[in-house]
Amino acid sequence: EEEESEAAAKPGRRRKACPEDEEEALRATLFVQGLPIEASQTQLEARFAKHGALRYARVVCDPSTGLSRGTAFVRFESSASAQAALAAARAGSGARMLGHPLTVSSAVERGDAVKAAADKREAARQERAKPEGDRRGLHLARHGLVLPGEEGAEALSLAELRKREAAWAQKKEKLASPNFVISTTRLSVRNLPPHVDEKILSSLAVSAAAGAAAGKAGGQARHAAKRNGDRLVRQVKIVRDEQRRDARGQPRSKGFGFIQFGTHEAALAALEALADNPAALEKHGGKGRRLLVEFAVDSVQKLKLHEQRRKLGAERRAAEAAAAAAAGA
């Protein structure tokens, strides 16, 4: 007995976890499904912390894309807190997060405790390996896209929802490859009327970004921001069909285009002002028409090529300036 007491009293000696400990840990853990892809760990923690102290909350991500798999584990300090959260999630209309319905269950209810433990370890490994910051901008992948069953979907027609589902499927397919990233300053705009040209789209972009840039500072600040529109919007492009011509003989618009902004803040403001806004085109003959606006997907290879060209151009201009200065000396 003295040896057992002495051994128990020695610091730094860990007791092996017994099956009861593992079962208690699973009872204190909830498995969450239906998690919005844009939901962060901080938002997940805030959603469940009201039911009790948390040990951790981990979003499970696809290792190939870095995108959320739509599932997560939430571990409470006590199984009582976990059961309280579970009861609340099953009461009334159920649990929701960012407009999405959640399916919440106890980890032990999954019927495969070994699989649950493996998934938890994978989530923990991904959390440890996660780099500081999102280098591919994947947290912006779903921004602006409303899918069936989400908040705001009721205002969209079935055809509009199908367009958004197709856009998301296309984007996910690209992002499965590490050769593609989400631009933080370039927007893709779809569902444009045929008559909307670069001038109109640029005006819409500048107005939306300038309104946010000025904030609530008043009309004078807003007008000043619009005067500096070239700093907010760098480039606007309508994708056109060279094989089809309009009445003026110009290539017809394919109904979508891109807007390059000077800053991420300007791009984000424009997206939030224009996406699914039935009044966005009201002054341009498109009342009620909803634009599908999202952050564009960029090819890493094309970005590298563009950067190389930019550097070569800068070097050439610097050399020309130096030659001109030498000639005038």
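Note on Ser177 and Tyr56: the model spin-label points, each 7 Å out from Cα along the C-beta direction, lie 3.4 nm apart. Placing R0 at 41 angstrom, the Cβ-Cβ distance between Glu23 and Lys163 gives a FRET efficiency of 0.30 after rounding to 0.05.
Surface composition of segment 278-329: carbon plus sulfur atoms hold 56% of the accessible area, using a 1.4 angstrom probe and ignoring ligands, DNA and RNA. Residue separation of Ser40 and Lys304 scaled by 0.36 nm, minus their Cα-Cα distance, works out to 92.1 nm of gained length. Computed on protein heavy atoms with a 1.4 Å probe, the accessible areas place Thr42, Thr103, Thr71 in the order Thr42, Thr103, Thr71, largest first.
Measuring against 29 Å, Cα to Cα, the residue pairs Lys283/Lys304; Lys174/Lys237; Lys172/Lys287; Lys172/Lys283; Lys174/Lys283 contain Lys283/Lys304; Lys172/Lys287; Lys172/Lys283; Lys174/Lys283 as the ones spanning a longer distance. Note on Glu242 and Glu282: the extension gain reaches 11.6 nm, defined as 0.36 nm multiplied by sequence separation minus the Cα-Cα distance. For the peptides 163-173, 299-309, the ranking by mean Cβ contacts within 10 Å, running from highest to lowest, is 163-173, 299-309.
The values are calculated or read from the model by the stated rules, or taken from the named source; none is laboratory data. In this text the structure is predicted, and so the values were computed from the model without any measurement. Glycine also receives a Cβ, built like all others from the backbone with ideal geometry; neighbour counts cover every protein chain displayed. The area values use the complete protein model at the heavy-atom level, side chains included, leaving out ligands, DNA and RNA. Shrake-Rupley method; radii C 1.70, N 1.55, O 1.52, S 1.80 Å.
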